[in-house]
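Remarks on the structure that follows.
The values are calculated or read from the model by the stated rules, or taken from the named source; none is laboratory data. Note that this is a predicted model, so its numbers are computed, not measured. Here Cβ is always computed from backbone atoms with ideal geometry, including for glycine, and neighbour counts include all displayed protein chains. Calculation scope for accessible area: heavy atoms of the full protein, side chains included, ligands and nucleic acids excluded. Shrake-Rupley method; radii C 1.70, N 1.55, O 1.52, S 1.80 Å.
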Amino acid sequence: MAGAIIENMSTKKLCIVGGILLVFQIIAFLVGGLIAPGPTTAVSYLSVKCVDARKNHHKTKWLMPWGPNQCDKIRDIEEAIPREIEANDIVFSVHIPLPSMEMSPWFQFMLFILQLDIAFKLNNQIRENAEVSMDVSLAYRDDAFAEWTEMAHERVPRKLKCTFTSPKTPEHEGRYYECDVLPFMEIGSVAHKFYLLNIRLPVNEKKKINVGIGEIKDIRLVGIHQNGGFTKVWFAMKTFLTPSIFIIMVWYWRRITMMSRPPVLLEKVIFALGISMTFINIPVEWFSIGFDWTWMLLFGDIRQGIFYAMLLSFWIIFCGEHMMDQHERNHIAGYWKQVGPIAVGSFCLFIFDMCERGVQLTNPFYSIWTTDVGTELAMAFIIVAGICLCLYFLFLCFMVFQVFRNISGKQSSLPAMSKVRRLHYEGLIFRFKFLMLITLACAAMTVIFFIVSQVTEGHWKWGGVTVQVNSAFFTGIYGMWNLYVFALMFLYAPSHKNYGEDQSNGEIFLSFSAGVCCLFISYNHGALRHGCCK
């Protein structure tokens with residue numbers, strides 16, 4: 001009995017399969033580059049300064065920046081002085097989206113960053129380690145004339161990191177500080193049409209609240225959300241790929257269960273990789289169009305983490321199962337040194353994500369980076385995960401080197417084999433090297449397209465054709481890893497072809513993935529004997 005399909009497939013058929021997969025890969029890139037719009041859109045908002053002259057500010061009153069019920073506004077802070085308007089009476093109001101527009105569930109998420117316009121004043125300079133404290137209320141409604149419903153109300157502290165490049169002299173008063181943008185808000189769903197932000201900067205000199213933060217002239221927000229057109233293309237891809245991977249996964253496992261032997265470790269890992277790919281493909285995001293599921297971003301991160309952990313584990317076990325002289329084979333315990341860093345790194349990133357997006361489920365204004373303790377904790381998790389990743393790649397490179405060294409040594413014994421057997425194993429060695437190169441090519445394409453998407457403007461224009469580079473990166477890389485998993489389950493499924501010279505009375509010939517080392521299992525009064533091909 002022969003081993004995997006890849007071991008019995010002719011070079012012509014293998015090239016045909018590779019050509020078909022390449023066509024689908026090109027289609028995946030073209031779908032994102034030519035059909036889908038850019039993945040995200042950034043919208044700038046300038047807050048409107050409203051006046052809330054009520055004595056009791058604790059009672060909720062929503063101040064609209066424009067419209068039939070717009071608030072009493074002031075143009076700038078200087079206008080408040082002659083009108084005897086105190087700082088506690090000023091509310092910075094932002095309506096989302098801009099006038100004559102609506103938000104949509106197809107936008108999937110909203111991410112906002114904050115930019116403060118702070119003017120330099122000799123008698124009101126920004127102190128060292130200054131912190132601005134904002135009283136923020138968020139509301140929503142689905143009808144332009146309906147009442148606002150409160151969604152969140154939090155006290156939001158943010159540390160100021162500002163520099164003043166000019167000399168601090170009277171003639172430079174009124175110039176603005178150069179301040180870093182601040183993380184402000186993130187919501188994992190866009191279930192409503194209209195949102196309203198009311199931001200107060202309460203001043204309390206006794207408690208040192210908002211003292212020594214300079215003269216804040218304006219508050220600007222930049223909102224980032226996913227494009228609805230890209231969301232539809234993304235959902236369509238997931239809907240198409242889910243049954244494709246699921247069907248090949250069921251077919252793969254069915255062929256394994258038809259074997260008279262139990263599945264080996266490599267086959268189990270490939271099946272687990274298929275399960276993780278199916279898990280990430282299942283388009284549960286369709287439900288976010290009709291339900292307010294704010295946890296979808298966190299759920300998506302968890303699904304990606306499971307897939308990447310399985311992919312990294314597969315590469316280690318794939319190499320380990322082809323090391324001819326390794327005794328601890330076909331047992332996951334033999335790879336604890338290599339898989340251990342994957343588990344530790346994945347756990348650290350999971351804890352970091354729970355500390356960030358997990359808390360944002362109840363407080364959309366929370367950010368772990370806004371406090372010194374949170375920043376140190378986040379950096380600790382990221383550094384530990386980075387160290388684990390480096391250790392993993394060291395182990396992986398060492399194992400790949402060992403496999404190729406063992407293959408090179410084994411090639412010296414090929415002339416002593418019969419012609420049929422020699423040609424068979426020469427093909428196996430070639431295919432193993434070919435698959436390793438394909439794996440490296442997939443990893444390299446992921447890195448290259450990521451770098452290109454970061455350094456380009458987001459789209460290229462060739463004549464009258466506009467190519468969305470960022471969208472092509474997302475759809476192309478996503479399709480590439482699906483095709484990679486598909487090819488693994490197809491090519492490494494057990495083959496039903498038999499070789500007459502490889503069978504003897506009561507003896508089963510089982511060649512592993514690359515087939516370099518053979519495992520002979522002979523039934524002799526219930527005993528098992530193992531040997532290597534010569």
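With loop membership from DSSP and a limit of 15 other Cβ atoms within 10 Å, the longest segment of the chain without GluC sites (Glu not before Pro) is 329-456. Here are some pairs, Lys161/Lys193; Lys238/Lys268; Lys49/Lys232; Lys159/Lys208; which of them have Cα atoms lying more than 26 Å apart in this structure? Among Lys161/Lys193; Lys238/Lys268; Lys49/Lys232; Lys159/Lys208, the Cα-Cα distance tops 26 Å for Lys161/Lys193; Lys49/Lys232.
About its Cα centre, the dipole of segment 41-226 is roughly 380 debye, where the only charges are +1 on Lys and Arg Cβ and -1 on Asp and Glu Cβ. Per the Cα gyration tensor, the chain maps to an equivalent ellipsoid with semi-axes of 60, 24, 20 Å, ordered largest to smallest. Think of it as helices only: each DSSP H run of n ≥ 4 in the chain is worth -39500 (n - 2.57), and spread over all residues that comes to -14000 deg cm²/dmol at 222 nm.
Solvent-accessible surface of the chain, averaged per residue with a 1.4 angstrom probe and all protein chains in place: 51 square angstrom.
All Cα-Cα distances of segment 78-141, cut into 10 Å bins from zero to the largest, leave 11, 36, 31, 17, 4 percent in each bin in turn.
Label positions at Asp180 and Thr257, each projected 7 Å from the Cα along the C-beta direction, are separated by 5.5 nm. Could you work out the local net charge near Leu122, counting Lys and Arg as +1, Asp and Glu as -1, over the other residues with Cβ closer than 14 Å to its Cβ? Value of the local net charge: +1.
Comparing Ala343, Ile270, Gly358 along the charge dipole axis of the chain, the residue lying farthest to the positive side is Ile270, per the Cβ-charge model.
For Thr40, the residues 5 or more places off, or on other chains, whose built amide H falls under 5 Å of its own are Asn227. A Förster distance of 45 Å, applied to the separation of the beta-carbon atoms of Gln304 and Ser408, puts the FRET efficiency at 0.75.
Near Leu297, within a Cβ-to-Cβ distance under 15 Å, what is the net charge of the other residues, with Lys and Arg +1 and Asp and Glu -1? Net of charged neighbours comes to -4. Here the alpha carbons of segment 41-226 define both size measures, Rg and Dmax, at 16.9, 51 Å. For Met134, nonlocal amide neighbours, meaning residues 5 or more places apart or on other chains whose placed amide H falls under 5 Å from its own, are Val156, Arg158.
Under the shape rule built on the C-alpha gyration tensor, where the axes satisfy a ≥ b ≥ c, segment 296-424 is prolate, since a/c reaches at least 1.5 and a/b is greater than b/c. Using the Cβ-Cβ distance between Ser418 and Ala236 with R0 = 35 Å, the FRET efficiency computed as 1/(1 + (r/R0)^6) comes to roughly 0.10. Note on segment 41-226: with neighbouring protein chains present and a 1.4 Å probe, carbon and sulfur make up 49 percent of its accessible heavy-atom surface.
With θ taken as phi - 60° and the Karplus curve 6.51 cos²θ - 1.76 cosθ + 1.60 applied, the whole-hertz 3J(HN,Hα) list for segment 371-383 is 10, 5, 5, x, 5, 5, 5, 5, 5, 5, 4, 5, 5 Hz, x standing for glycine and proline.
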